[in-house]
Amino acid sequence: METSPATTAVYVTVPDKETGKKIASALLESRLAACVNIIPGVESMYWWDGAVQTDSELLLMIKTRQALVSDLAAKVQEVHPYDTPEVIAVPITSGSAEYIRWLVESTVAPS
């Protein structure tokens, strides 16, 4: 394990697999993400419009550079059908050296 150079895992929930693939493709094609895992079977409970809501969703786990999170969030907002999509970034503090190197090399250098 090695200390990670400013890399991040970003979590985004989506209503269905089609939306997940659409967002994943947009992020990968623009090289804002190195990898997107589409994880099924998420049940979300949350406050919306003054009431507790429950929905079946999928979770996107997106790996990127910390410096790209703002651009990534903007792209998610552009493609996502929700008014307020969940976009939560969590620093990757360590990981396999080879994987972290690949993650950085697979994303665009911040401008």
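The values are calculated or read from the model by the stated rules, or taken from the named source; none is laboratory data. Nothing here was measured: the structure is a model prediction, and the numbers come from that model. Note that we place each Cβ from the backbone using ideal geometry, even for glycine, and neighbour counts take in every protein chain shown. Ligands, DNA and RNA are excluded from the accessible area calculation, which covers all protein heavy atoms including side chains. Shrake-Rupley method; radii C 1.70, N 1.55, O 1.52, S 1.80 Å.
Here are the numbers:
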quantity: Matching option when the condition is among the hydroxyl-bearing types (Ser, Thr, Tyr), under 17 Å from the mean Cα position of the chain (by Cα), surrounded by 13 or more Cβ atoms within 10 Å (Cβ to Cβ) and in a strand (DSSP E or B), among 19, 93, 107, 7; calculated: 7
quantity: Qualifying residues in the range 32-50 (those that are surrounded by fewer than 15 Cβ atoms within 10 Å (Cβ to Cβ) and in contact (Cβ under 8 Å) with a residue 24 or more places away in the chain) - the one nearest to residue 105 (Cα to Cα); calculated: 37
quantity: Filter pass, residue 75 being closer than 20 Å to residue 9 by Cβ and open to solvent by less than 40 Å² (accessible area, probe 1.4 Å); calculated: no
quantity: The listed residue being touching a helix residue (DSSP H, G or I) at 6+ places or on another chain (Cβ under 6 Å) and at positive phi, out of 34, 6, 26; calculated: 6
quantity: Criterion: without any contact (Cβ under 8 Å) to a residue 24 or more places away in the chain, of a type outside the set (Ser, Thr, Tyr) and in a strand (DSSP E or B) - qualifying residue of 53, 77; calculated: 53
quantity: Yes/no for residue 83 being charged (D, E, K, R) and either open to solvent by less than 80 Å² (accessible area, probe 1.4 Å) or farther than 21 Å from residue 105 by Cβ (or both); calculated: yes
